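Here the structure is laid out as C-alpha cells; the discussion comes afterwards.
The values are calculated or read from the model by the stated rules, or taken from the named source; none is laboratory data. Predicted model, so just to flag it, every value in this text is computed and none were measured. Neighbour counts are summed over all protein chains in view; Cβ atoms, including those assigned to glycine, are modelled from backbone coordinates with ideal geometry.
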Amino acid sequence: MATAPTRRLAVAAVIAVALGLIAWPVLNSFGLFSDKGDSMSFGQGDTGSGSAGGTGTLMPTGPKADFKVAGTVQDGTKIGVVTLDGKKSGFKGKVWVWAPKQYDDPKYKNSGFPVLIALPGGNGYPVNYWMGTDLKLQQSISEWSKEGKSLPFIVAMPVLNPDDKNYYDGSDIPGQPKMGTWLTEDVPDLVKANFRTLKQREGWAFMGSSSGGFAGLKAVLQKPDRFKAVIASGPDIVPDSPLWAGHGKEKAANNPQLLAKQLIKAKGPDVYLSFQVGTKEKTAMKNVKDFIATYGNKGPVHTMLSEIPDGEHNAKTYVPNMGTGPIEWISKQMQGPVAAP
C-alpha cells in the first residue's frame, strides 16, 4: 500500500503534468509512472495461421508470446522481454524484442519486416546489453530508417550464453547447451510466431560485437540459406571456447575461415559481411584484415571494413559508426516492408 507521502507526491505529479509544469518523461524517469514489467503486445493480432500477407510476407504463426515491458525508447516504442523455451535447442532463456514505429503504420499492415538479431559481447548472460536504451541501438535505427540509411528492422536480442562461466561461441558444442540452434532457429521461430516477417533470407541478418560478432559472422556463413548479412564489430575470427577440447571436427565446422572457403567453393549463395573495427583494436584489426584479404569479395563472399578512428573495443564505439555506412550497406542487400498501394 502506498504511504501518504507517496500518494501526495503522485497527486502533485499528476497536477503538474496537467498544468504542463513537468514533462512526462521526466516524471517517468523517477519511476512514478513506469510500466516496466507490465504485459504488452506488439500488435500481433490473430496468430496461428502463418498465412502470407503481401508478397514474401509471413504472417505471425503463433503461439503469441507474453511479452513484458523491459524499457521505453526515446521515440516512445517499447522493448519487450519474454522467457523462451527453445523447442529445437532445449535451452530456455530470455529474449528481448523491439519493433520500429513503422510496424504499426496501417500502410504496412500486410507487409513483413526484416529482422536483425543483435548479439552482445562479454558474457552475454543473464542479459543482452543491447536491450538497454543507454546504447541507443533502437533509437538510432529509428532515426536512420527515417533518413533512408537503414531498413526499419525488428531487433531481437537473445542471451548469447547459457551462463556466465564460459563462452560457447554461439555454437552447438558437443555435451553443452545448443547455443547455435538457439540463435539460428529458436530465436527466429519466436520472431516468426509473433511478428510479420519475410519468408526469404533477404529479411534476416545478424549484428554483434566481440564474441557476439563472431557468433553472427559464423551463423551467416554457416547458414547462408537463412541469413544474408551481418555487421560484425571487433569480432573474433575463429572459435576459441575451451569447451571445444576433444571436438576438433565440430570446432572446424564452426570456423568462419573454413566456412568462407567452403562457400566460395560452392559458389553461393551470396552473403554480405560488414566489419567494424576501432583503430585502437590492434589484434582485431589485423585478424579482420587478414580474413578480408583471404576471403573477401571472392565469389559469393562480399565484405566491407569500416575503420573507426580512435575506436575502442566497446559497444559505445560501434553503434554511432553503424550509421556511417555499415547499416546502409547491409540494408541495400536486404528487403524492407512494402507499403500498400
Checklist line | Per-region count, the range 199-214, residues closer than 20 Å to residue 321 by Cβ and part of a helix (DSSP H, G or I) | finding: 4
Note to self: I'd like the full set of residues that are assigned to a helix (DSSP H, G or I), buried (at least 20 other Cβ atoms within 10 Å of the Cβ) and out of contact with any Leu (no Cβ under 9 Å at 6 or more places or on another chain), limited to the range 169-187.
What the structure shows: 180, 184
Next item on the list: Can you run down the residue pairs with Cβ atoms below 8 Å, 6 or more apart or on separate chains, where the first is in the range 274-288 and without any contact (Cβ under 8 Å) to a residue 24 or more places away in the chain and the partner is surrounded by fewer than 19 Cβ atoms within 10 Å (Cβ to Cβ) and not β-branched (Val, Ile, Thr)?
Entry: 285/307
Note to self: With the requirement that a residue be in a loop (DSSP other than H, G, I, E, B), more than 27 Å from residue 59 (Cβ to Cβ) and modelled with pLDDT of 95 or more, what does the range 92-133 give you?
What the structure shows: 120, 121, 124, 125, 126, 127, 132
Check: How many residues are out of contact with any Pro (no Cβ under 8 Å at 6 or more places or on another chain) and surrounded by 20 or more Cβ atoms within 10 Å (Cβ to Cβ) when one looks only at the range 122-134?
Finding: 2
Item checked: Residues (part of a strand (DSSP E or B), among the aliphatic types (A, V, I, L, M) and within 19 Å of residue 137 (Cβ to Cβ)) located in the range 288-341 -> 308
Next item on the list: Could you pull out the residue among 86, 56 that is in contact with a strand residue (DSSP E or B) (Cβ under 8 Å, 6 or more places away or on another chain) and modelled with pLDDT under 95?
Entry: 56
Next item on the list: May I ask you to verify whether residue 304 is in contact (Cβ under 8 Å) with a residue 12 or more places away in the chain, surrounded by 21 or more Cβ atoms within 10 Å (Cβ to Cβ) and farther than 23 Å from residue 169 by Cβ?
Entry: no
Notebook entry, point to check: If you check every pair at least six apart or on different chains, which have Cβ atoms under 8 Å apart with a residue in the range 321-341 that is on the phi > 0 side of the Ramachandran plot first and a residue that is of a type outside the set (Gly, Ala, Ser) and surrounded by fewer than 22 Cβ atoms within 10 Å (Cβ to Cβ) second?
Noted result: 325/304
Margin query: Looking at the structure I just gave you, is residue 220 assigned by TED's automatic domain parsing to the domain that holds residue 263, within 14 Å of the chain's Cα centre (by Cα) and under 19 Å from residue 333 (Cβ atoms)?
Written below: yes
Check: When you look at residue 89, is it more than 20 Å from residue 135 (Cα to Cα), hydroxyl-bearing (Ser, Thr, Tyr) and in contact with a helix residue (DSSP H, G or I) (Cβ under 6 Å, 6 or more places away or on another chain), yes or no?
Finding: yes
Check: Do the conditions hold for residue 195, that is, is it aromatic (Phe, Trp, Tyr), under 16 Å from the mean Cα position of the chain (by Cα) and over 16 Å from residue 271 (Cβ atoms)?
Finding: yes
Notebook entry, point to check: Which one is surrounded by the most Cβ atoms within 10 Å (Cβ to Cβ), of the residues in the range 307-340 that are more than 12 Å from residue 275 (Cβ to Cβ) and of a type in the set (Val, Ile, Thr)?
Noted result: 327
Notebook entry, point to check: Restricting the search to the range 215-249, which residues are basic (Lys, Arg), surrounded by fewer than 19 Cβ atoms within 10 Å (Cβ to Cβ) and outside any helix (DSSP H, G or I)?
Noted result: 223, 226
Checklist line | Residue within the range 135-156 that is out of contact with any Leu (no Cβ under 7 Å at 6 or more places or on another chain) and either outside the structural domain of residue 321 (by TED's automatic domain parsing) or modelled with pLDDT under 95 (or both) present | finding: no
